1. Do any residues in the stretch A:39-56 that are open to solvent by less than 20 Å² (accessible area, probe 1.4 Å) have Cβ atoms under 6 Å from those of residues that are modelled with pLDDT under 95, where the two are at least six apart or on different chains, and which pairs are they?
2. Out of curiosity, is residue A:232 of a type in the set (Gly, Ala, Ser), under 27 Å from residue A:7 (Cα atoms), open to solvent by less than 60 Å² (accessible area, probe 1.4 Å) and within 14 Å of another protein chain (Cβ to nearest Cβ)?
3. Being within 25 Å of residue B:73 (Cα to Cα) and out of contact with any Ser or Thr (no Cβ under 6 Å at 6 or more places or on another chain) narrows it down to one of B:168, B:155, so name that one.
4. Could you tell me which residue of the stretch A:154-182 is surrounded by the most Cβ atoms within 10 Å (Cβ to Cβ), considering only residues that are within 9 Å of another protein chain (Cβ to nearest Cβ) and touching a strand residue (DSSP E or B) at 6+ places or on another chain (Cβ under 7 Å)?
5. What are the pairs, 6+ residues apart or on separate chains, where a residue within the stretch A:437-449 that is part of a strand (DSSP E or B) and open to solvent by 10 Å² or more (accessible area, probe 1.4 Å) has its Cβ under 7 Å from a residue that is modelled with pLDDT of 95 or more and of a type in the set (A, V, I, L, M)?
6. Which condition from (1) over 30 Å from residue B:153 (Cα atoms); (2) at the interface with chain A (Cβ under 9 Å from one of its Cβ atoms) is the one that residue B:101 breaks?
7. May I ask you to list the residues in the stretch A:1-26 that are over 23 Å from the mean Cα position of the chain (by Cα), within 12 Å of another protein chain (Cβ to nearest Cβ) and not small (Gly, Ala, Ser)?
8. I'd like to check something: does the stretch B:74-89 contain any residue that is farther than 30 Å from residue A:43 by Cα, in contact with a strand residue (DSSP E or B) (Cβ under 9 Å, 6 or more places away or on another chain) and either within 14 Å of chain A (Cβ to nearest Cβ) or not basic (Lys, Arg) (or both)?
Amino acid sequence: MAKSLFDKIWDAHVVKSIPGGGLDVFYIDKHLIHEVTSPQAFDELEARNLPLYRQRQIVATADHNVPTKNQHLPIEEPLSRMQVDKLTENCQKFGVELFGLGHQHQGIVHVIGPELGITQPGMTIVCGDSHTSTHGAFGAIAFGIGTSQVTQVMASQCLLLSRPKRMRVTVDGELRKGVTAKDVILYVISKLGTGGATGYFVEYAGSAIRSLSMEGRMTVCNMSIEMGARGGMIAPDETTFEYIKGRKYAPKGEEWEKALAYWKTLYSEEGATFEADLTYFAEDIAPMITYGTNPGMGIALNASIPDHVPASEKVSFDKSLKYMGFEPGESLLGKEINYVFIGSCTNSRIEDLRTVASFVKGKRKALNVEAIIVPGSKLVEKQAREEGIDKILAEAGFELREPGCSACLAMNEDKIPAGAYCVSTSNRNFEGRQGPGARTLLASPLVAAITAVEGKIVDITQYLN
Amino acid sequence: MDKFEVLRSSAVPLPIENIDTDQIIPARFLKATSREGFGENLFRDWRYDSEGNPIEGFALNDSRYSGKILVAGKNFGCGSSREHAAWAIYDAGFKVVISSYFADIFRGNALNNGLLPLVVSDEMLQRLFVQIEKDPTTELIVDLPAQEFYVPLWEERVSFEIDPYKKECLINGYDDIDFLVNQKEAIEAYENNRPWAY
């Protein structure tokens, strides 16, 4: 029977199936950990007197909680410091490789995995973070897990899982000017809704997806969870192989050839089954922005907020618009914006910084805007400095910070004040996500950069010719 | 993990859809390194204002509602994978969450902590909201061994789905770690025999 990409990788990782139920003992190749969802897992392991089963398959970094200024100094906030210290202590005790604060490879867990060549096609990758789906861009099965599952992987390198259903999302055609990977995924989520892919693992396919760089593909897969999907993936191709080749942990020499031969078998065969199979057209996608409090509440920049919704959704819709301070049926064009955040595991890679820099070069941010850019990793930061991006940003009034999750989830000091609007390249516009009372509008790095210069939301088409 | 068999309790209604884990427990409260104490910040920003005063009208602050069952709108627990959400709900005294569907990661996290995510139809969910609104003291009975729940003053019993293995775990208070550690032989055999390893 014709197999899908997902099935090929899933089947290759089933240690055994449990008779009677729908559960598989499922093997995990790589386990990424960070300071927030791992301490209780290490404690549990110790409480049960269990060894760490395969410590060489774990990589750790500090990202969620870290300050994005003065990282060379001790962390000021005592609870954050304690959590980051606990990670260091646990990694030393259990022999886990740590890219901690100050390390040249430190960064957001979903940025460093790919850039170090840790993430490879055909792998199974988990992390106690829902945006682990990012790694699916390489043709891996990657998904977020809870802390109990982090303990399970630490203890056995396995999870007990039921196989999700398969969904294919095809985007065919050529993307219009100014339409980026972020717009593609915000468009798909706006069509499917915030729970529309719950229970599914998504494969993205089609010529528009193929045309994306690895950075763009990661942005797409990253937000799979925002429509409820267990994960998202894209079959590896020359773009993928070219990206991985030569990276620190990528296979070398004969190993590379062997790996490549295997990776080339990883695609969905003609006639493979998908429980849901959806097709969209690139020409229908415009630059997007969200107006509500979940990522499914997105519209084209120059469209209007819906003026009515089905009766069953009305309570939640009204609550959402009230929080945002918007009216049904109104346009967002002309709305004043005071904060712009460019960063997060969705859009903090070198390509994102280049997009911003090439637009803002020779321009100034508006006086009413505070614009911060938080690179995804030390390597991204280094590269940005080498390319002179830091100077362009400084001249334009943008503040280039040090790497971390930052204002995406506002666990550190980087918070948006209550009531303020922030155009953000991150992945969630939930109530209070960027700080209590903060109002988030999700958009691409290009839209965010233009907003910062204009000080308000504008139809970006005037800039595209 | 605590054992779960039959629960009889009134319920707290939250008729809001897509309640994400940032609402259940905001990120700024995830800095603890133990599992305890998250209950006091459950639904923090819906429950308390910026000065820490209870916000009137929110179900958890409404003296009419109490109990060990939370009834919530569809797609409960979407967003972040933070298990702290399940810990917070459990720590606040809830043993069951009823909704018409749950986000995948939250559902798994709940089951791993003895918190039962009980899925009912959209119609049943609305009926429960109406019933609780009408009489907040209405008791619900959740019978896990029989996979049924019912409201004693209604005629019918409603069956619900749960994976047989997960059901056994909840009833006996077992978790997946015990099970997986016992699979070591099979796991090692797999590692030694795979055609491709990373």
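The values are calculated or read from the model by the stated rules, or taken from the named source; none is laboratory data. On a predicted model such as this, the values are computed, not experimentally measured, just so you know. Virtual Cβ from ideal backbone geometry, glycine too; neighbours counted across all protein chains shown. Note: accessible area is taken over every heavy atom of the protein model, side chains too, but ligands, DNA and RNA are not part of it. Shrake-Rupley method; radii C 1.70, N 1.55, O 1.52, S 1.80 Å.
1. Note: pairs meeting the criteria are A:39/B:33; A:40/B:35.
2. When the stated conditions are applied, residue A:232 passes them.
3. Step by step, each of B:168, B:155 is checked, and only B:155 is within 25 Å of residue B:73 (Cα to Cα) and out of contact with any Ser or Thr (no Cβ under 6 Å at 6 or more places or on another chain).
4. A:158
5. A:439/A:324; A:439/A:420
6. Looking at each condition in turn, residue B:101 falls short on (1).
7. Correct list: A:8, A:11, A:13, A:14, A:15, A:16, A:18, A:19, A:23, A:24, A:25, A:26.
8. Scanning the stretch B:74-89, I find at least one residue that is farther than 30 Å from residue A:43 by Cα, in contact with a strand residue (DSSP E or B) (Cβ under 9 Å, 6 or more places away or on another chain) and either within 14 Å of chain A (Cβ to nearest Cβ) or not basic (Lys, Arg) (or both), so the answer is yes.
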